[in-house]
Structures are given as C-alpha cells and as structure tokens.
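Report on one structure; see the data block that follows.
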Amino acid sequence: MTPGPIDAYRREIGEELQAGNATEHTHLPALKTALQAVAPKVTATNEPKRVECGAPDLIVSRNAAHGATNPRGTNRPAATRSFASCEPPCTMEQVATQVAQKEFGAYYTSTRVAELLVGWAVRNREDRVLDPSCGEGVFLEAAAARVAALKGQASSQVHGIEIDPKVLRRSLIPLLRRFLIPEENVRISDFFDVSAPDQPRFQAVVGNPPFIRYQTFKGPSRQKALGLVRGLGVALPELASSWAPFLLHATEFLDIGGRLAMVVPAEFTHAGYARPVVQYFARKFARIQLASFSDRLFPELNEDALLLLAEGYGGECREFRVKRFQGVKDLESVLELRKGFGARVGLAKLQDTNGRLRNHFLPRDLKALYDFLAADSRVCRLGELAQVGIGYVTGNNQFFHLSRNEVRELEIPPLYLKRSLLRSGIIEISIHDPALFNLMDCLAAGCPS
C-alpha cells in the first residue's frame, strides 16, 4: 500500500532525525512536498525572499491564473498564508524583541500600572523596594519617584534583579543614572539563582513575573525553580508555568509585615497548578486583594492579567477580597481611599472551591445562580459528559484557525480539517426548567438568595 503524503512526511523526518545532524531547515523540503501533495492547487515556497517583517521559512499560496494580482496590485498571489507572525510594518529589532519576549517571558508593564502598584506598596520614607524582574525599568522608575516623593533615598532603597544583561546596558543604566542609583543596585542574574537568606529584607516587592509556559519552561532552570519552592513546602505540578515559582520565591525577600504588589496571569484564579500558590499566600499574608479587568492590561496579548495586592507578610490571613473593574482608572479611585475593595472570600469558601477564585468574581446574582445549579442533583458538570482539557497551543492561531472561506480558497480536503471550539460563547444553551426561570426572575427582583 502506497503511504499517504502525511505518512511519507513523517517517515522522511524520522530518517533525517536518525542521521543525528538535522536542523529546523532540514525538514522544510519534506514539508513543502507534503503540502503540495495534500493540496495540488497550492504552491509552497521554501526559503522565499524577505517580506515586510523578515525572512519566513515557508510561504504557502494558492496557484493563481497567469498575471493575476492581489487587490493591492502586487504580484503576490491573492490567497497566501505565511508562517511569518509579524504584521507589517515590522523591523528586525521588533522581531528580535519578539524572540526575547518568548525566551524570557518578558512582556513589559505600562507606566500607569507600575505607578499604581508601587504607590500602593511603598508607604513610608524608609521602605526598601525590590523588583525581581525589572526589565526595562518601569517599576524601578516608579519606585524611585515614589521614594523621592516620600523624602527617602532612592540610591539606597531601590533595588532590582534582571536576567538579560542587554537590557541593563540598553535601558537600565540611563535610568539608574537619572535617579543617582548605583548600578550595583541591579543584579544581573536569574532570579532563581538569588538566595533570599543572603539578601537584606524589603518592605515592598513589586513587578511583573516572567510568563513562560511549561512547554518552554524546562530543563535546569525549571528544576531549580521547583526545588526552591519545595523548600517552602509547596509542591508544584509539572504543568506549572514560570510565574508560579517566581511569585513564591519573591515572598522570601519580604520583611515581616511587608507588601507584595504584582501583575499575575488569569491562571492564578483557576488553574489547577495555581491552587498551591493561592493556598501558600493565604498562609503567609494577613490580607490579599485581587483585581481583574474588563479592559485588558496587555491588549496586544491573548492573555488576561490581574493585579495581586498582598500585605501583612507573616500574619494570619483573615480574608481574600476580589473585584472586577472596567479598567485601571477605576481601581486607582478605590486605592486612593486606602480601603479594601470587592467581595470577601472567606478561607472556608476558598477551601470549598479548592483554591479556585474565578467564581468569586461573578456578580452576586450570577454567583447565586451558579451555586444553585451546582447544588442541584439534576445538573451535571461538563466533565461528566466529555473529556475536558486545557486546550492546545498552535503557536499562531491566525494561521491555523481557518474560516470557511479560507478553506474553500485554499481547497483543503476535509480529511485534514478539525472543528475547534475557540470560545465558549459559540455554544448555544437552551433553558427549559420552569424552576430555573423562577429563580432567575427572583434574583432579578432582588430576592434574597
């Protein structure tokens, strides 16, 4: 039996890998052959000419009639899909930045968010501040300005740690000189190589931990990070991303009564691997507040982020507070009052939900409806009907998720297509239970839940 194009492709790659000297580019000719065999009316160009955002490895295009042009009048075929992920205009410096961001998980915070977190965390003129992943220095700058406003000495009170020496030369040294902060205040190191017992304590730790998913966060760096948190009595599962051990390690640098103010991914509220992190914080901080936002903190990323405000390090936790805001401006107004915000989540409730906080961000009436449904014996969870996983990573959603029109244009056979549920909003739900309608009406009218 003659092998199909995909089987032939897999076999050829296997043979190349067995040779022991294959590189990424070794496999491109086999991929080109497989693509053109699967879709005869498609042309795959290996190592094409440079495009607006650099040099793509492969360009796949539908064969066009002789002389046909795209709507912009160029000679590039109209139905073309490129593996290049940048949108023009895109310089090589921007491409290099994207590579560094993926390697170090470095997505820099806006000045407004940094000033908000620093303003909350730094309260006294003597407060010492640490940013353990200072990057371009937005938190260092906000901390230096805050300490100066409180009549403190930024030169001795503001410190940072940064893994990338190029960032120090490019951005941090000019910033340090502007605020008369000695260069030795910023240590160039992997944060997981810095031992907390060897460092002075800080009243405030602020920043944005690196976000590197478990698929990339591997090798010695991962084992080192997981070993550190095991020393804190926390066992993180293999699916943990880099921010989780980073956040835990950061608490070790706090003085008793200290405050931590950081950007955290939405996984903090719902991921299974985040539960030990939430429970550790509940043991170590007297008060914890968590703010989520309808307007994304990082609009350019397909990732929701929250702001974590934890104070009273070393004290017994009395409460979690959670609240969803429209934007950062709304949180600013609340923090200016120096009062707590949001709904209280008692420790008993936290344990009932196995450390998951997402449900507590729901509006009161919707939360009551959810609790009602969860307790009803006639209702089953999706996990009882289907296998539910965390999903898959394409590396380029725009390329791999095709519309029906794109499938028709590229003439991709159904054999090579799979349906994908991209958003829960796609699912249509019908409600037929009169009791449920009555409950919803009651909640809308303000009846006690």
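The values are calculated or read from the model by the stated rules, or taken from the named source; none is laboratory data. Computed from a prediction, not measured in an experiment: that's the story for all the values here. Methodologically, a virtual Cβ is constructed for each residue, glycine included, from the backbone with ideal geometry; neighbour enumeration extends over all protein chains shown.
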Some residue of the stretch 150-162 being within 28 Å of residue 219 (Cβ to Cβ), within 25 Å of the chain's Cα centre (by Cα) and charged (D, E, K, R): yes
Boolean, residue 160 is exposed (fewer than 15 other Cβ atoms within 10 Å of the Cβ) and small (Gly, Ala, Ser): no
Those residues of the stretch 145-186 which are free of Cβ contacts under 8 Å to residues at least 40 places away in the same chain and part of a strand (DSSP E or B), in sequence order: 158, 160, 161, 162
Every pair of residues 6+ apart whose Cβ atoms lie under 8 Å, when the first sits in the stretch 320-332 and is closer than 16 Å to residue 299 by Cα and without any contact (Cβ under 8 Å) to a residue 60 or more places away in the chain while the second is of a type outside the set (Phe, Trp, Tyr) and buried (at least 17 other Cβ atoms within 10 Å of the Cβ): 325/291; 325/292; 325/331
Output for the stretch 266-277, where each listed residue is part of a helix (DSSP H, G or I) and either surrounded by fewer than 21 Cβ atoms within 10 Å (Cβ to Cβ) or of a type in the set (S, T, N, Q) (or both): 269, 270, 272, 273, 275, 276
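Among the candidates 195, 133, 189, which residue alone is buried (at least 16 other Cβ atoms within 10 Å of the Cβ), of a type in the set (Ser, Thr, Tyr) and within 19 Å of residue 250 (Cβ to Cβ)?
Details: 195 fails: buried (at least 16 other Cβ atoms within 10 Å of the Cβ); 189 fails: buried (at least 16 other Cβ atoms within 10 Å of the Cβ).
Checking each option against the conditions leaves just 133.
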Qualifying residue in the stretch 251-265 (condition: buried (at least 18 other Cβ atoms within 10 Å of the Cβ), in a loop (DSSP other than H, G, I, E, B), out of contact with any Asp or Glu (no Cβ under 9 Å at 6 or more places or on another chain) and polar (S, T, N, Q)): no
Residue match in the stretch 352-368 (condition: surrounded by 17 or more Cβ atoms within 10 Å (Cβ to Cβ), at pLDDT 75 or above, among the aliphatic types (A, V, I, L, M) and in a strand (DSSP E or B)): no
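Confirm whether residue 116 is surrounded by fewer than 24 Cβ atoms within 10 Å (Cβ to Cβ) and part of a helix (DSSP H, G or I).
yes
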Residue list for the stretch 122-135, filter: in a loop (DSSP other than H, G, I, E, B), in contact with a helix residue (DSSP H, G or I) (Cβ under 8 Å, 6 or more places away or on another chain) and farther than 15 Å from residue 189 by Cα: 122, 125, 126, 127, 128
Sole residue being farther than 17 Å from residue 261 by Cα and at pLDDT below 95, chosen from 170, 112: 170
Contacts under 7 angstrom Cβ, first residue in the stretch 190-208 being under 24 Å from residue 109 (Cα atoms), partner among the hydroxyl-bearing types (Ser, Thr, Tyr), 6 or more apart: 190/221; 191/133; 192/221; 207/133; 208/109; 208/133
Residue within the stretch 166-185 that is at negative phi and in contact with a His (Cβ under 7 Å, 6 or more places away or on another chain) present: yes
